[in-house]
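Right, one structure below, let's go through it.
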Amino acid sequence: MKQDNLIITKTYNFGLRILKLYLHLRSEKTDIGLCSQLLRSGTSIGANTEEAIGGSSRKDFINKLQIAYKEAREAGYWLRLLRDSKILDEKLAMSLINDCDEIIKILTAIINSSKKEKP
């Protein structure tokens, strides 16, 4: 994978970690609804970021990144829920939550700077 775009790399790697976590949780017979919600939101971050890069306009770019931001917030919610319910080990949960928080900060910075740029 190309390593020259920080947000693409981070969201891809996060999505991969979420996919592996999903497979692990499913093998542990964790509730499928909960696992599916985390999988959907956690992998959607990278997919929407990729779509943003290929956006047809600045407005489209910002819109897709805002969707990625919302999905990252949702993934963080599910991760905190899994941590606090003791379904997920504290150390693993915090590693994923920290990655998610970092992605949220990067997306916020990109969105804010993109909104300030003149067309």
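Quick notes
- Considered as a group, the residues in the range 30-52 that are among the aliphatic types (A, V, I, L, M) and under 15 Å from the mean Cα position of the chain (by Cα) include one that is surrounded by the fewest Cβ atoms within 10 Å (Cβ to Cβ), and that residue is 47.
- In the range 1-29, the residue that is nearest to residue 81 (Cα to Cα) out of those that are buried (at least 17 other Cβ atoms within 10 Å of the Cβ) and among the hydroxyl-bearing types (Ser, Thr, Tyr) is 22.
- In this structure, residue 55 does satisfy being closer than 26 Å to residue 115 by Cβ, modelled with pLDDT under 95 and either within 13 Å of the chain's Cα centre (by Cα) or surrounded by 14 or more Cβ atoms within 10 Å (Cβ to Cβ) (or both).
- Pairs with Cβ under 8 Å, 6+ apart, first in the range 31-52 and over 17 Å from residue 76 (Cα atoms) and free of Cβ contacts under 8 Å to residues at least 40 places away in the same chain, second among the β-branched types (Val, Ile, Thr) and in a helix (DSSP H, G or I): 52/62
The values are calculated or read from the model by the stated rules, or taken from the named source; none is laboratory data. A quick note: this is a predicted structure, and the numbers were derived from the prediction, not measured. As a convention, Cβ positions derive from the backbone with ideal geometry for all residues, glycine included, and neighbour counts pool all protein chains shown.
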